[in-house]
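Have a look at the structure below, then the notes.
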Amino acid sequence: MRTIGVAELRKIATGAALMGAGGGGNPEVGKLMAISAVREHGPVTLLAATEVAANAVVTSPSGIGAPAVGLEKFPNGSEFKLMMDKLTERLGHPVEAVFPIEAGGINSMIPFIVGAKLGLPVIDADGMGRAFPELQMSTLALAGHRICPIVMADEKGNLVQIDVDAPHDAEKFARAITVEMGATAQSISDTTTGAALARDGVLGIITKCQRIGHLIHHLGDYATPAAALSALLEITSGTRLLTAKITDIQHTTKAGFNFGTVIFTGLGADSQRTGKMEFQNENIVFSVDDTVIATAPDLITLVDTETLAPVTNEELKYGKRVYVLGLPADEKWRTPAGIDCVGPRYFKYDLDYVPVEQRIKAAREKGVID
């Protein structure tokens with residue numbers, strides 16, 4: 001148990017943006033809202049999953065929709081109490097703690113907003129260990145937990161409840177409602193118990209995000225940028241896949257998602273190489289010179305070459321210089337069921353999932369990457 005104040009929130013938001021694999025919503029919006037809530041109501045208690053009572057009712061407040069739309073259509077803050085009151089009425093029991101459904105951008109911050117406003121602790125666990133674009137893509141759903149009941153609200157005060165059994169139906173209905181709410185909305189889902197979250201969630205994710213954020217915020221403590229990058233890769237068990245500048249971006253918003261393709265031209269030792277990344281809210285496939293180097297569920301994430309600040313997909317700009325990093329996914333996603341749920345074939349790529357470390361080894365042997 002420890003408390004999370006403004007300084008900690010800044011670091012968590014930065015680390016979560018990196019772990020969001022390009023998605024999860026804009027980190028700046030969520031960070032500012034969480035800081036405002038903490039300044040008004042006081043620090044939030046962070047609990048390890050093992051510190052939560054086994055039968056405690058816990059739930060996950062989050063944003064849903066196209067992250068790029070969220071840059072212009074902010075939540076006004078009232079949605080969260082409205083949804084929590086409705087969920088409490090539906091359950092007949094108060095919620096005792098909240099947790100992030102994913103690591104990434106605004107969705108890592110929303111539980112702290114709710115925690116500060118409603119006096120609830122936040123649990124150091126999530127349902128993904130990264131960010132994914134669809135509701136059923138959580139380790140909780142993978143373990144057989146219901147996503148519903150879902151409560152959704154928009155900034156106008158509209159409130160919708162969804163209660164279906166099939167995880168894909170929950171995603172389908174919630175996505176359709178999100179589109180009608182303007183392509184982005186707020187939601188509460190994945191209500192479960194403390195014991196179930198401790199067993200089936202990804203544990204320690206907030207602490208990990210804070211460690212990443214601390215490193216990035218203290219870049220000057222390292223002798224060189226290369227030393228800082230090496231330390232970052234050690235914390236994340238990651239690998240630098242390419243050093244490059246962004247030379248082309250194609251993106252569109254449809255059906256409540258951001259879709260896009262990014263082309264990279266290599267820099268320095270990578271100057272003769274070309275990278276390509278495809279995303280659906282989050283980064284799904286990355287290749288170098290037509291050789292696939294990483295796919296979901298492993299993380300493909302971008303950081304600025306000078307500051308190591310994460311670059312989310314709504315922040316992509318022509319000429320931006322980045323390191324493309326590959327990070328291994330949580331082991332729960334590397335099971336046959338996990339691969340079926342979030343592997344490249346689910347996203348309609350004619351590719352089998354191969355762990356990123358194996359793809360990197362093969363690419364190095366062929367001289368595709370260093």
Within region 23-51, the residues that are part of a loop (DSSP other than H, G, I, E, B) and touching a Leu at 6+ places or on another chain (Cβ under 7 Å) are Asn26
Residue hits (region 252-277; within 16 Å of Gly24 (Cα to Cα) and assigned to a strand (DSSP E or B)) are Thr253, Phe257, Asn258, Phe259, Gly260
Q) Is it fair to say His214 is open to solvent by 30 Å² or more (accessible area, probe 1.4 Å) and in contact with a Gly (Cβ under 6 Å, 6 or more places away or on another chain)? A) no
When region 224-258 is checked residue by residue, the ones that are open to solvent by 20 Å² or more (accessible area, probe 1.4 Å) and of a type in the set (S, T, N, Q) are Thr224, Ser230, Ser237, Thr239, Thr243, Thr247, Gln250, Thr252, Thr253
Within region 140-149, the residues that are under 18 Å from Arg334 (Cβ atoms) and buried (at least 24 other Cβ atoms within 10 Å of the Cβ) are Leu140
Within region 319-355, the residues that are within 19 Å of Thr243 (Cα to Cα) and out of contact with any Ser or Thr (no Cβ under 7 Å at 6 or more places or on another chain) are Gly319, Lys320, Val324
Exception for Asn76 within (1) of a type outside the set (Val, Ile, Thr); (2) at negative phi; (3) buried (at least 22 other Cβ atoms within 10 Å of the Cβ) falls at (3)
When restricted to Val6, Val44, the only residue among the hydrophobic types (A, V, I, L, M, F, W, C) and exposed (fewer than 15 other Cβ atoms within 10 Å of the Cβ) is Val6
Checking Val164, Val202 in turn, the sole residue that is among the hydrophobic types (A, V, I, L, M, F, W, C) and open to solvent by 20 Å² or more (accessible area, probe 1.4 Å) turns out to be Val164
- [ ] Kindly check whether there is at least one residue in region 359-367 that is open to solvent by less than 90 Å² (accessible area, probe 1.4 Å) and part of a loop (DSSP other than H, G, I, E, B).
- [x] yes
Residue pairs qualifying under the 9 Å Cβ cut-off, at least six apart or on distinct chains, with the first in region 42-55 being in contact (Cβ under 8 Å) with a residue 24 or more places away in the chain and among the hydroxyl-bearing types (Ser, Thr, Tyr) and the second being part of a strand (DSSP E or B) and open to solvent by 20 Å² or more (accessible area, probe 1.4 Å), are Thr45/Arg2; Thr45/Thr3; Thr50/Leu203
Within region 172-192, the residues that are modelled with pLDDT under 95, surrounded by 23 or more Cβ atoms within 10 Å (Cβ to Cβ) and not small (Gly, Ala, Ser) are Thr178, Thr184, Gln186
Among Ile284, Ile216, Ile212, the single one that is modelled with pLDDT of 95 or more and under 30 Å from Ala176 (Cβ atoms) is Ile284
A careful count of residues in region 143-163 that are in contact with a strand residue (DSSP E or B) (Cβ under 9 Å, 6 or more places away or on another chain) and in a loop (DSSP other than H, G, I, E, B) gives 9
Picking from Ala196, Ala176, Ala244, the residue that is in contact with a helix residue (DSSP H, G or I) (Cβ under 8 Å, 6 or more places away or on another chain) and either of a type in the set (S, T, N, Q) or in a helix (DSSP H, G or I) (or both) would be Ala196
| query | Can you find a residue in region 117-136 that is part of a loop (DSSP other than H, G, I, E, B), of a type in the set (A, V, I, L, M) and surrounded by fewer than 19 Cβ atoms within 10 Å (Cβ to Cβ)? | reply | no
Counted residues in region 259-291 being surrounded by fewer than 20 Cβ atoms within 10 Å (Cβ to Cβ) and either hydroxyl-bearing (Ser, Thr, Tyr) or touching a helix residue (DSSP H, G or I) at 6+ places or on another chain (Cβ under 8 Å) (or both) come to 5
For region 158-182, pairs from a residue that is within 23 Å of Glu89 (Cα to Cα) and without any contact (Cβ under 8 Å) to a residue 40 or more places away in the chain to a residue that is open to solvent by less than 50 Å² (accessible area, probe 1.4 Å) and polar (S, T, N, Q), with Cβ under 6 Å and 6 or more apart or across chains, are Pro167/Gln136; Glu171/Gln136
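The values are calculated or read from the model by the stated rules, or taken from the named source; none is laboratory data. Computed from a prediction, not measured in an experiment: that's the story for all the values here. Cβ coordinates were reconstructed from backbone atoms using ideal geometry, including for glycine residues, and neighbour counts include every protein chain displayed. For the accessible areas, the whole protein counts, side chains as well, though only heavy atoms, and no ligand, DNA or RNA atoms are used. Shrake-Rupley method; radii C 1.70, N 1.55, O 1.52, S 1.80 Å.
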